[in-house]
Protein chains: 2
Amino acid sequence: MAKFSTDLDRAFSALGDPTRRAIVSRLCEGPKSVSELSEPFELALPSLLKHVRVLEESGLIVSEKTGRVRTCRIEPEALQATEAWLGQHIATWERRLDRMEAHIQRMKRED
Amino acid sequence: MAKFSTDLDRAFSALGDPTRRAIVSRLCEGPKSVSELSEPFELALPSLLKHVRVLEESGLIVSEKTGRVRTCRIEPEALQATEAWLGQHIATWERRLDRMEAHIQRMKRED
């Protein structure tokens, strides 16, 4: 549970940055080398690598080096865990709204 | 778009903290006063209020003061926007996986 909580902390925090979300977004379309990833960003390589490292530490992506090329890809479990957390909580909120609406309808009928 | 991006920045960043996720979690069950919210947390009131303020700034919750009581409630749009972002990207990733699997099946049949 503690580990799970730390994983969510890191994943949500990592997604709080627009460049990191853009990297995740591009990797959802398929694995990319760091130099391919850097293309649309006006970022120096060290800055891009820093974002890549934060994303790796958050468990959202993994990277592998073959020769001189580092290739990054999505690690789906962390994305799915963050979505699951949100989905569960939105469902709780919606169930409460449904109960309130049912209660209001019941009161209207009783009037 | 810029505003939307900043909203997502704030919402994801705010959810990167376990106390703030616990506050969101409890508010999904219904509105609560700040003193009700503080009960399960071993936190001094100023620390709790700081988390409440971050959540308000992120758009995830709103609070209203009536007399001496400040009541907090979920603002569903921000939760839904973060879930939608994740859902879209997971769907992109899954579609890519499906295409890859279809391609592999096709290659197997051609062998």
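The values are calculated or read from the model by the stated rules, or taken from the named source; none is laboratory data. Note that the structure is a prediction, hence the values are computed from the model and not measured. Neighbour counts run over all protein chains shown; Cβ positions are idealised from the backbone, glycine included. With ligands, DNA and RNA removed, areas are computed over all heavy atoms of the protein, side chains included. Shrake-Rupley method; radii C 1.70, N 1.55, O 1.52, S 1.80 Å.
The table that follows gives values for the structure above.
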read-out	value
Degrees, to the nearest 10: B:18-27 long Cα axis against longest axis of chain B	80 degrees
Where the stretch B:25-104 is the region considered: accessible area per residue in Å², 1.4 Å probe	59 Å²
Surface share of carbon and sulfur [accessible, 1.4 angstrom probe, percent] for chain B	51 percent
Net length gained if the chain between residue A:71 and residue A:88 were fully extended (0.36 nm per residue, minus Cα distance)	2.8 nm
A/B buried area, accessible surface, summed, 1.4 Å probe, Å²	2800 Å²
Trypsin sites (Lys or Arg not before Pro) within the stretch A:2-111: DSSP coil, no more than 14 neighbouring Cβ in 10 Å	A:68
Protein-protein interface of the stretch B:57-79, residues with accessible area decrease of at least 30 Å², isolated chain reference, 1.4 Å probe	B:76, B:79
Degrees separating the helix A:2-14 axis from the principal Cα axis of chain A, which is the longest one	70 degrees
Calculated from backbone phi, Karplus (6.51, -1.76, 1.60) coupling profile of the stretch A:42-59 in Hz, x at Gly/Pro	8, 9, 5, 3, x, 5, 4, 4, 5, 4, 4, 5, 4, 5, 5, 5, 7, x
For the protein assembly as shown, size of Cβ-based charge dipole, Lys and Arg +1, Asp and Glu -1, in debye	160 debye
Sites matching GluC sites (Glu not before Pro) across the stretch A:30-92 that sit in DSSP coil, with at most 10 neighbouring C-beta atoms within 10 Å	A:42
